[in-house]
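Here the structure comes first, spelled out in structure tokens, and everything after it is commentary.
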Amino acid sequence: MHLPDCARILWRIACDLQHGLRQVDVGSLADWFAAVATGSAFIVAALAYRRDIQLRREAQARLVYSKPTTAKVIDAGEQVDPEGNIPMVITNGCHVVQGADGRWRTFAAEPLLRVRIVIHNGSAELVSRPKVYLVDEGYGVFLPHGEAELNPIDPATDFAQDFVVPNPHHPGQPALSTMLTFRDAHGAWWRRNGDDPVQSIAPLGEPHRTPTGRAWRPVR
């Protein structure tokens, strides 16, 4: 095809487009723009509604968190007793001896760490099946044996729990945080790592286990 033929074809296309635009009804254009605006408004409203539903679902979960409050180094051979009325979970590293008075006492068989955690339920509803995991922040791993599923947490309540776990940093102690999983009053499951924002998770089994056990596991 020669250059004049190409120019002639382009000229015809331009003329056809100009003729077509002259035939467009102004009313049709107005209707089209109105439909686009209506559709856009509907999409914006739907997205806002979805965000509102998400915030309502998170309303209770955002008011629930856990944190370590104290940590005490326990040497091998030291007696390990509950402090006051705080429940205590001993997962490993202790042995029980019966004294001359007939009472049973618990002693550390290796260097241990007593960690007190507090679960805060600032909501007006019950938190069920809370499970706490102790986290070594320095290495980014869960502490072996440092997990426990606890009783439901009443509304507007702080619940304290002591953990006695092996201390790999003896005579020092690790920088600690916690991970908490729980089920809210609507049956949705949530997870919070330390002071991070709460995350929605898939329903956990009955009972829910892992991720620590006896192994060092990275925090995900």
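The table for this structure:
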{"item": "Any hit, the range 191-205, residues being of a type in the set (D, E, K, R) and at pLDDT below 90", "result": "yes"}
{"item": "Pair list, Cβ under 6 Å, 6 or more apart: the range 164-178 residue of a type in the set (A, V, I, L, M, F, W, C), other residue at pLDDT below 90 and not in a loop (DSSP other than H, G, I, E, B)", "result": "Val164/Ile90; Val165/Leu143; Val165/His145; Val165/Gly146"}
{"item": "Residue list for the range 142-161, restricted to those being in contact with a Pro (Cβ under 7 Å, 6 or more places away or on another chain), at negative phi and surrounded by 17 or more Cβ atoms within 10 Å (Cβ to Cβ)", "result": "Phe142, Pro144, Leu150, Ile153, Gln161"}
{"item": "Failed item in (1) crowded, with 16+ Cβ neighbours inside 10 Å; (2) under 20 Å from the mean Cα position of the chain (by Cα); (3) under 18 Å from Pro68 (Cα atoms), with Tyr139 passing the rest", "result": "(1)"}
{"item": "Exclusive hit being of a type outside the set (Gly, Ala, Ser) and closer than 21 Å to Ala59 by Cβ, set Pro144, Pro111, Pro130, Pro168", "result": "Pro130"}
{"item": "Strands (runs of 3 or more DSSP E) enclosed by the range 64-113 - at least 3 residues per element that are touching a Leu at 6+ places or on another chain (Cβ under 8 Å)", "result": "64-74"}
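The values are calculated or read from the model by the stated rules, or taken from the named source; none is laboratory data. None of the values given here were measured: they were computed from a predicted structure. When we count neighbours, we look across all protein chains shown, and the Cβ atoms used for this are built from the backbone with ideal geometry, even at glycine.
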